[in-house]
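Chemist: First the structure, which I've put down as structure tokens, then a few questions once you've had a look.
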Amino acid sequence: MSITVRVILTIATCIAGTMLSGFQSKETRRPSKVYSVCEVLADLASFNGKMISVRGAVLGGQGTFLVGNCQSKLVVKGFTWPNLIWLTFPYKSSTPFNADLATYQHVMDAVKRMHPGKNDQIVLTYLGVLESDDLAKRTSLNRMGQPTGIGFGAQNMAPAQLVIKTVMDPQVIPSGRDGPVRGN
């Protein structure tokens, strides 16, 4: 193959790659900003229904939450919502994408290889669509007259949920060091 043909093919490949990258939808691109749990909870209305990246400590048990150590509290009708975002996969949502389960498993395997201790924080960045409702409609008084919230996830604790597309950037913070749960 002559040098001229190789140069033309190289240029054509670069142009085609540039053109095809423009066809990627806005929803599938990784947002350039990664928000903390606290930033998201402070402005739920702005993030609702949008594809965002959120970083926080993972809290497990009956399901999985992202948790943050927020300076301000989310209080609605006298009820203080926990600083949590429930994590769920698209099968429980009308979100028009599938989770990248291969990457999810790869990241979870990487976390296991980091050998986190029982009291260590596992910190991850999740990309997904945030869903939240009008919390005033989800907050009321219980039978004893105490304010209560009916949110997302286990025990309806979280004021929002993130429908997971993918996960990235695993980090283990050893016990006794500051992180998203014990400080920033």
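Chemist: Pick from T95, T125: which is among the hydroxyl-bearing types (S, T, Y), buried (at least 19 other Cβ atoms within 10 Å of the Cβ), in contact with a strand residue (DSSP E or B) (Cβ under 6 Å, 6 or more places away or on another chain) and part of a loop (DSSP other than H, G, I, E, B)?
Modeler: Result of the check over T95, T125: T95.
Chemist: For the stretch 109-116, indicate whether the set of residues that are on the phi < 0 side of the Ramachandran plot and either of a type in the set (K, R) or part of a strand (DSSP E or B) (or both) is non-empty.
Modeler: yes
Chemist: Identify all residues within the stretch 113-163 that are over 18 Å from the mean Cα position of the chain (by Cα), under 27 Å from K33 (Cα atoms) and modelled with pLDDT of 90 or more; write none if there are none.
Modeler: None - no residue of the stretch 113-163 is over 18 Å from the mean Cα position of the chain (by Cα), under 27 Å from K33 (Cα atoms) and modelled with pLDDT of 90 or more, so the list stays empty.
Chemist: Next up: Scan (1) within 13 Å of V40 (Cα to Cα); (2) touching a residue at least 60 places away in the same chain (Cβ under 8 Å); (3) of a type outside the set (D, E, K, R) for the single condition N83 breaks and write down its number.
Modeler: Result: N83 passes all but (2).
Chemist: I need a count of the residues in the stretch 111-138 that are polar (S, T, N, Q), in contact with a Ser or Thr (Cβ under 7 Å, 6 or more places away or on another chain) and farther than 21 Å from L101 by Cβ.
Modeler: Qualifying residue count for the region: 1.
Chemist: Moving on to the next point. Which residues, counting only those in the stretch 128-159, are surrounded by 22 or more Cβ atoms within 10 Å (Cβ to Cβ), of a type in the set (A, V, I, L, M, F, W, C) and closer than 18 Å to G60 by Cβ?
Modeler: Within the stretch 128-159, F152, A158 qualify.
Chemist: Of the residues V34, V76, only one is modelled with pLDDT of 90 or more, in contact with a Pro (Cβ under 9 Å, 6 or more places away or on another chain) and either hydrophobic (A, V, I, L, M, F, W, C) or loosely packed, with under 11 Cβ neighbours inside 10 Å (or both); which?
Modeler: When all the criteria are applied, what remains is V76.
Chemist: Quick check on my filter: what residues within the stretch 58-89 are aliphatic (A, V, I, L, M) and either under 22 Å from L101 (Cβ atoms) or in a helix (DSSP H, G or I) (or both)?
Modeler: Answer for the stretch 58-89, where residues must be aliphatic (A, V, I, L, M) and either under 22 Å from L101 (Cβ atoms) or in a helix (DSSP H, G or I) (or both): V58, L59, L66, I85, L87.
Chemist: Tell me, please, whether a residue that is closer than 24 Å to S72 by Cα, at pLDDT 85 or above and touching a helix residue (DSSP H, G or I) at 6+ places or on another chain (Cβ under 7 Å) can be found in the stretch 83-105.
Modeler: yes
The values are calculated or read from the model by the stated rules, or taken from the named source; none is laboratory data. This one's a predicted model, so the numbers in the text were calculated from it and none came from an experiment. Counting neighbours? That spans all protein chains shown, and the Cβs are built from the backbone with ideal geometry, glycine included.
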